[in-house]
Every structure is written in C-alpha cells, then in structure tokens.
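What follows is a set of notes on a single structure, which appears directly below.
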Amino acid sequence: MTSPDPLPPGSAAAGASPPAPEAPSPGGTRPASAPRDVLGLLGPAPGGPAFDGHRPPPADLVADCVHCGFCLPTCPTYVLWGEEMDSPRGRIHLMRQGLEGEPLSDSMVGHFDACLGCMACVTACPSGVRYDTLIENTRQQVERRHHRPARERALRAAVFALFPYPKRLRLLRGPLRAYQASGLRRLVARSGLLPRLAPTLATLESLAPRLTRAPKPPDRVPAYGPRRAVVGMLTGCVQSAFFPGVNAATARVLAAEGCEVVINPGRQGCCGALSVHNGREAEAQAFARNLIDAFADTGIDYFVVNAAGCGSSLKEYGQLLADDPAYAERAAGFAARVRDLAELLVELGPVARRHPLPVSVAYHDACHLGHAQGVRSQPRELLRAIPELELREIADPELCCGSAGVWNILNPEPAARLGERKARDVLATGARLLVTANPGCLMQITAAIPRLVGTASAEPAGAGGIAVAHTAQVLDASIRRLPVERLLSTR
Ligand code: SF4
Ligand code: SF4
C-alpha cells in the first residue's frame with residue numbers, strides 16, 4: 001500500500017492560506033477507535049480497494065473540494081485535535097485515495113469514524129461540497145467492508161440493538177426511574193468509580209434525563225378550531241422514551257395552531273436516522289419502509305418531526321429508497337411532506353394567541369436542524385414572537401455540542417470536551433433557559449453543565465442554574481398561559 005499523503009495539495013503546508021483554526025484544546029486524545037496514524041503506518045485492512053461499486057463516495061463530489069480550508073475552523077474534530085486527516089478536507093482526501101484504489105486501512109476508518117456528521121463543513125464550504133453525501137456513502141462502505149475489533153463490534157451491536165427500538169428503550173424507564181429516585185445516583189456520582197470501571201455505562205448514566213410520567217399518546221389529536229392541515233407526527237425513539245413531555249407539547253401546539261395530529265403510536269418505530277448516520281443502509285431502509293407504511297392512507301398533508309437528527313434523515317427518504325422500485329416514489333412523496341416543527345409552524349403562520357413568558361432564553365442550533373436542514377430563522381422567529389421572552393445568542397453556534405446521535409457514547413472523552421465547551425458558551429449568555437430542538441443536544445449539554453460548574457451533583461440535568469426545554473415546550477407554555485416557573489423546573 002502507498003501511504004496516504006499527510007497533506008493534500010493546497011492545504012496549509014502546501015502553500016494555501018486557509019483561515020486559522022482555533023488552537024486545538026490541550027491534552028485531548030483521539031478516540032481509541034481512531035488510531036493516531038495520519039501516515040497510515042498501522043497498515044492496510046486485508047481485502048482489496050477501499051470501496052466497492054455500491055454507492056462509493058461519488059468521484060465528482062470529491063473533486064469539488066478545492067482544499068481551501070474554510071471548513072476547518074468549524075469542524076469539531078479539527079478544533080479538538082488539529083489533525084489534517086480529522087478535518088473535512090483531510091477526510092475528503094482519504095476518500096479520494098480510496099477511490100484511487102487504496103485499501104480501507106484501520107487508520108482511514110478511524111478518521112471516518114471520528115467524524116461527528118455534524119455538517120458544519122457543509123454550511124462553511126464556499127464551493128458547495130456535498131460532504132453529507134460523501135460521508136454517508138463512505139460510512140456504508142466502512143460498515144460493509146471493514147472488520148472492527150471484537151470489543152468495538154460488541155459495543156456497536158449493543159448500541160444498535162437498543163437505541164432504534166422505542167419499546168426496548170421504554171423497558172429501561174422503570175429501572176432507571178427507580179435508580180434515580182433512590183439515593184444510588186448520588187452515591188455513584190460521589191464515588192467516581194463508574195467512569196473508571198465502565199466508561200460507556202458512565203456516559204449513558206450521565207446523559208439520562210430525569211424521567212417523569214409517560215402516558216401513551218393518543219392515535220389522533222383533533223385540531224382546535226377550524227382545521228388547517230392534517231399532520232403526521234413522529235414520536236421517535238429517545239424522544240418517546242425519555243422526553244414524552246416534548247411529544248405531548250408538540251401535539252398540543254400543533255392542535256392549537258389548527259392541525260389535526262395523526263400519531264398512530266402503536267405502528268411507529270424508528271425512522272432509521274441512527275442507522276443511516278452510521279452506515280447501516282439495509283437497516284435504515286427497513287425502518288423507512290415501516291414508517292412510510294404506518295402513515296399510508298392517513299391523509300396527512302405534512303409529517304412533522306421534533307428531533308433534528310430524525311428530520312434530516314426523513315427528508316432524505318427519497319435517496320435512501322431510490323433503488324427500491326416498490327418504495328422509491330412513495331419515499332420521495334413522503335419526504336416532500338416532512339417538516340421540522342418550527343418550519344411548519346412558520347409556514348402555516350400563527351393563529352393561537354401567545355401569552356407572555358418573562359424569561360431569558362439561549363437558543364442552541366442542533367446541527368441536524370441548522371447545518372443539515374437550514375432551519376435557523378424559524379425557531380428564533382417563533383421564540384421572538386412570545387411577549388416578554390428575551391432571546392440570547394450562543395457564541396460559536398456552528399460548533400457541535402458533541403452529541404451527534406450515538407457519537408458521544410462511542411467517543412465519550414472527546415464528546416465530553418465538546419459538551420463542556422458548548423455548556424460554557426451557553427452559561428456565558430446568562431440566560432435562565434436553554435432551548436433546543438434535539439433530545440441528544442438537550443442530554444449532552446445538560447450533562448456537561450454540572451461538570452463545568454464543579455458541582456458533584458447527581459442531578460441528571462440542569463444543575464448549575466439553567467433550565468432546559470424543547471422549542472415545543474416553550475410555545476406550549478406560552479399558548480396555555482403557564483407560569484414561567486413550570487418551564488424553569490424542566491431540568
Ligand atoms: S461533518 Fe462535522 S465532524 Fe465531520 S468533517 Fe464535517 S465538520 Fe468535521
Ligand atoms: S470542503 Fe469546501 S471548505 Fe473544506 S477544503 Fe474543501 S472546498 Fe474548502
């Protein structure tokens with residue numbers, strides 16, 4: 001094998017002048033699954049060229065990259081480690097080498113795996129490079145063609161046997177609630193043993209939100225007043241198991257705005273986002289077909305999503321099932337009706353009266369809402385329309401909080417550092433309420449706050465003086481004239 005060039009033509013050392021990246025955070029290490037081996041010295045993986053003929057990263061999209069480096073300062077892994085091969089430009093360079101016949105080495109896979117898929121580089125790129133398509137295709141190749149070490153395989157198998165299955169996640173609620181209600185959580189936090197003995201379990205434990213009651217959603221919620229639209233609603237996996245209040249608020253807000261909401265909770269499963277973002281193509285396609293079938297013949301005008309990562313994948317169902325003659329057309333039609341909640345509410349225009357909420361709010365752009373779907377102005381517009389609510393901006397909004405689906409579980413150390421950085425910027429706003437539209441971001445940032453403010457608190461979220469809420473919960477509180485204290489207790 002020839003060694004991958006450590007620096008592609010046009011990179012900083014080759015004479016170009018990219019914007020200076022922020023100094024990498026000191027003391028950080030790359031995740032264990034991503035060996036620090038920019039020269040490829042760890043050797044090739046056995047078995048031919050990196051990519052097979054089924055959806056390799058398209059060569060024309062790879063060629064679109066002009067190596068300018070404008071994406072570098074917005075890439076969280078480049079910010080963390082300052083490694084060219086952990087930048088979008090470096091990863092595209094590795095894809096090009098793969099297309100030219102290089103084998104899929106452990107090193108190469110490590111750099112691809114380390115990508116959070118946050119798509120900040122897509123927003124930053126002046127040449128319109130479709131890194132989203134590139135990394136998605138590359139990940140499918142990695143999943144099919146790369147043999148991971150046994151420990152990594154076991155961890156991934158456990159993650160993907162649990163998270164895309166809302167029923168299995170809901171089974172965890174009972175034991176988790178009992179654990180949270182007992183003094184055990186505080187004891188575990190004080191002992192500091194869990195992170196040393198079982199780092200993955202410690203990460204999961206720190207991310208788990210404080211659980212409340214979770215009544216089963218109804219099949220349908222009628223529109224309040226004249227019906228303006230019939231809207232299907234995704235309940236999601238993590239959202240339905242751990243944030244049922246967000247789904248209930250979403251349905252109430254939609255109904256208040258004149259939408260009949262179709263939920264069909266018994267028929268819904270995972271939308272496939274987690275699978276598609278991790279290269280598990282066949283699994284993602286199966287989930288997508290199931291969801292399309294669940295809402296067939298329901299007469300929906302729109303399909304609303306309140307979780308950013310799910311929304312971005314649902315909008316790409318057309319591409320995901322493009323080669324399936326039985327579903328290609330239906331998938332494209334379904335995708336065309338998908339809207340993020342904020343997107344649809346702005347599209348329809350408000351009819352429900354907003355009541356004052358005297359509170360300062362820091363709004364966090366979830367990457368898969370801002371970068372992947374371009375939905376940035378709509379949530380802000382909705383929040384600003386609430387009387388007495390003061391909206392504050394968070395510094396470096398383009399940088400990922402480190403959640404990124406299950407990236408924070410697979411890469412706990414760098415994820416924690418990204419989470420703390422984001423939490424610091426959130427706290428610097430001085431706002432009393434953090435609002436975002438993705439369950440992963442809510443868990444990631446609220447888990448980081450207690451670590452940052454130095455509390456050895458065992459509270460799952462919100463310690464450190466800032467409450468957290470989904471955009472839907474803020475709108476719901478304003479429409480229902482709830483006291484602001486109700487929102488500020490959502491920690
Ligand atoms: S998707 Fe995010 S982590 Fe991956 S290369 Fe782009 S900016 Fe970096
Ligand atoms: S991905 Fe875009 S911004 Fe980044 S180096 Fe290539 S052309 Fe420049």
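The values are calculated or read from the model by the stated rules, or taken from the named source; none is laboratory data. Everything numeric here is computed off the predicted structure, so don't read it as measured data. Please note: Cβ atoms are built from the backbone with ideal geometry, for glycine as well, and neighbour counts cover all protein chains shown.
Just a few scattered comments:
- Residue count, the stretch 401-418 (criterion: within 12 Å of ligand 1 (Cβ to nearest atom) and out of contact with any Gly (no Cβ under 9 Å at 6 or more places or on another chain)): 0
- Applying the condition of being under 17 Å from TRP407 (Cβ atoms) and within 9 Å of ligand 1 (Cβ to nearest atom) to the stretch 123-163 and asking which residue is surrounded by the most Cβ atoms within 10 Å (Cβ to Cβ) yields TYR131.
- Residue in the stretch 259-269 that is over 17 Å from PHE334 (Cα atoms), at pLDDT 95 or above, of a type outside the set (Phe, Trp, Tyr) and not in a helix (DSSP H, G or I) present: yes
- Qualifying residue in the stretch 183-192 (condition: in contact with a Pro (Cβ under 9 Å, 6 or more places away or on another chain), surrounded by 22 or more Cβ atoms within 10 Å (Cβ to Cβ) and not in a loop (DSSP other than H, G, I, E, B)): no
- Residues that are under 28 Å from LEU369 (Cβ atoms), away from ligand 2 (no atom under 16 Å from the Cβ) and in contact with a Ser or Thr (Cβ under 8 Å, 6 or more places away or on another chain) occur in the stretch 145-162; there is at least one.
- Where VAL276 falls short, out of the listed (1) over 23 Å from VAL230 (Cβ atoms); (2) β-branched (Val, Ile, Thr); (3) surrounded by fewer than 19 Cβ atoms within 10 Å (Cβ to Cβ): (3)
- Note on the stretch 49-136: enclosed helices (runs of 4 or more DSSP H) holding 2 or more residues that are modelled with pLDDT of 95 or more, more than 9 Å from ligand 2 (Cβ to nearest atom) and within 27 Å of ALA150 (Cα to Cα) are 76-81, 88-99, 106-114.
- All conditions in (1) under 22 Å from the mean Cα position of the chain (by Cα); (2) assigned to a helix (DSSP H, G or I); (3) surrounded by fewer than 20 Cβ atoms within 10 Å (Cβ to Cβ) hold for ALA335, with the sole exception of (3).
- Whichever residue in the stretch 67-105 is away from ligand 1 (no atom under 12 Å from the Cβ) and of a type in the set (D, E, K, R) and, among such residues, is nearest to VAL129 (Cα to Cα): ARG96
- Matching residues in the stretch 390-400 - criterion: being buried (at least 19 other Cβ atoms within 10 Å of the Cβ) and within 14 Å of ligand 1 (Cβ to nearest atom): LEU399, CYS400
- Of the helices (runs of 4 or more DSSP H) entirely within the stretch 279-329, those holding at least 3 residues that are at pLDDT 95 or above and small (Gly, Ala, Ser) occupy 281-294, 308-314.
- Looking across HIS371, HIS364, one residue alone is within 16 Å of ligand 2 (Cβ to nearest atom), within 27 Å of PRO76 (Cβ to Cβ) and either hydrophobic (A, V, I, L, M, F, W, C) or surrounded by 15 or more Cβ atoms within 10 Å (Cβ to Cβ) (or both). It is HIS371.
Residues are listed down the side, and each one gets a yes or a no for (1) more than 21 Å from VAL238 (Cβ to Cβ); (2) at pLDDT below 95; (3) out of contact with any Leu (no Cβ under 8 Å at 6 or more places or on another chain):
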{"residue": "VAL338", "(1), (2), (3)": "no, no, no"}
{"residue": "VAL346", "(1), (2), (3)": "yes, no, no"}
{"residue": "ARG353", "(1), (2), (3)": "yes, no, yes"}
{"residue": "PRO387", "(1), (2), (3)": "yes, no, no"}
{"residue": "ALA395", "(1), (2), (3)": "yes, no, yes"}
{"residue": "LEU399", "(1), (2), (3)": "yes, no, no"}
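Here's the yes/no breakdown for (1) of a type outside the set (D, E, K, R); (2) part of a loop (DSSP other than H, G, I, E, B); (3) surrounded by fewer than 18 Cβ atoms within 10 Å (Cβ to Cβ):
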| position | (1), (2), (3) |
| --- | --- |
| LEU211 | yes, yes, no |
| ALA214 | yes, yes, yes |
| PRO218 | yes, yes, yes |
| ARG227 | no, yes, yes |
| VAL230 | yes, no, yes |
| GLY236 | yes, yes, no |
